[in-house]
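To keep things clear, I will list the structure first and then write my remarks on it.
Quick note: the coordinates plus some simple rules give every number you see, no bench work behind them. It should be emphasised that the depicted structure is a prediction, and the values quoted were computed from it without experimental measurement. Here the Cβ positions follow ideal geometry from the backbone for every residue, glycine too, while neighbour counts run over all protein chains shown.
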Amino acid sequence: MEKSNILIGSDFAAVHAYLCADGYVCKNLPSQKTKYYRIGLRNTCPELLEDFQTRFDNVFHKKPIISKQQDRCLIGSRELFYFLTENFGSFYSADWSIPKCLVKKELLSSWLRAFFDCEGWVEAVKGKNRAVAAESINEKGLNDIRNYLKNLFGIHSTIRPRSGRTTSVLGIYGKKNIIKFSNQIGFTHPLKRQKLDAAINSFVNYDWQFPENEQELKDFVTAFLKQRINLTTGRIQVCSNKKKNIIKLSKLLKRFASINCRVSKTRFNSFGTRYFELSINKKQDVTKLKELIL
C-alpha cells in the first residue's frame, strides 16, 4: 500500500489519534510461533468504537470488527501494519507524535477531538474548578499539543506532572479557553460532551443584565444596590470585574437620583484578580442613595 493512495484528511487524522491514544498497532514477538498483525482501538464507549470503525473503513476500505463485549474494534492486516509503522512511526503511548502532514487546523481539530475522547476528561465543579484535561506518559507529545492549541486555535493550556505517576496532565482552564475548545474541537464521546456543556453553563455571567424598560430598570438598580451595599457606612462601594457594568450603574445613579459616582482605574485583589470599583464618597450623595433605596 502506497501513502499516495491514502487520502490524508479528517478521517485519517482521527484514526491516527485513536491509535496513539487508546489504540495499538502491533505484531507478534519474534519468540512467538504464531504470527499476527493487529490494529485496533480499546474503549468501552460504543460511539467511539463506531466512529473509529467508520473512519477506518473510509480511509483504508477495510472494516475493523467491534467485539461482542463492546470493548474494542480490531482488524488484522500485515499490509496496514507496515504501511502505518513505516510511514508514521511508533504508536506506543510514550513514543507517538503528530505527523507534519496533519498540522493543519481542520485536520488537527479531528486529531485532537479523537485524542481527548480517549485520554481526556472534564472537570465541572461550579464555583471552584472547570477544566478540560488529558493525561499521557508522552510529555513531548503533550507539549506539541499545547503549542498547536495556542498557535492554531488560540487556546492556552498548561502541563504539569501527575503526582505519584510517570505521566503528565495537560489542562485547559478559563471560560474563554474552554469555550474555544468546545467550538473548535469538542468531543464525540456523549458523556464528555454533556459534561463540557455543563462546565460552560456553570460559569457565572459577569455581565450585569440591565432591563430596557425604564421602570423595570429603576427597580432593578434599587434591588441590586440593596443586595450589594452596606448603608450603615459613610462610604459606598460596588465592585465588578467588568468596567462597563460599573460605568452603566454610575450613569443610571446620576440619571435617577443625581448621585455623583467615581469609577476607579484597574485594580487587583490579593489573588491577582482584576476588578473595578464604583464609589460614592460625598455625604449628600450617600444620603440621596439611601433615599433612592429606602
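As I understand it, the value is the acute angle between the Cα axis of helix 175-184 and the longest principal axis of the Cα atoms of the chain; what does it come to in degrees, rounded to 10? Approximately 40 degrees, to the nearest ten. Within the same chain, aspartates and glutamates fewer than 8 places from K27 are excluded, and of the rest, those with a Cα less than 16 Å from its Cα are E79, E86.
For the set K248/K282; K63/K180; K243/K290; K62/K100; K62/K180, the pairs lying more than 28 angstrom apart at their alpha carbons are K63/K180; K62/K180.
Along the chain, the exposed loop sites are GluC sites (Glu not before Pro) outside DSSP states H, G, I, E and B with at most 15 other Cβ atoms within 10 Å, and the longest stretch free of them is 3-211. Shape index of segment 214-293: Rg/Rh, with Rg the Cα radius of gyration and Rh the Kirkwood radius from the inverse mean 1/r over Cα pairs, equals 0.96. For segment 1-84, what class follows from the C-alpha gyration tensor (a ≥ b ≥ c being the square roots of its eigenvalues): rounded when a/c is under 1.5, otherwise prolate if a/b is larger than b/c, else oblate? Oblate shape, in that a/c is at least 1.5 and b/c is the bigger or equal ratio. Quick one: helix 214-228 against the long Cα principal axis of the chain, what's the angle to the nearest 10°, folded into 0 to 90? The two axes meet at around 80 degrees. Among residues other than S110 with Cβ under 12 Å from its Cβ, the summed charge is 0 (Lys and Arg +1, Asp and Glu -1).
The Cα-based radius of gyration of the chain, divided by its Kirkwood radius, gives an Rg/Rh of 1.20. Amide H to amide H, with H built 1.01 Å from N, G23 comes under 5 Å of R42, counting only residues 5 or more places away or on other chains.
In the elastic network of the chain, a GNM with C-alpha springs shorter than 10 Å, the most mobile of K192, K244, K175 is K244. Multiplying the residue separation of I8 and V263 by 0.36 nm and subtracting their alpha-carbon distance yields 86.2 nm. Residue-normalised convex hull volume from the C-alpha trace of segment 88-189: 101 Å³ per residue. One decimal place: the segment K35-I159 gains 40.7 nm when fully extended, by the rule 0.36 nm per residue minus the C-alpha distance.
Per-residue ellipticity at 222 nm, computed for the chain from helices alone with -39500 (n - 2.57) per DSSP H run of at least four residues, works out to -14000 deg cm²/dmol.
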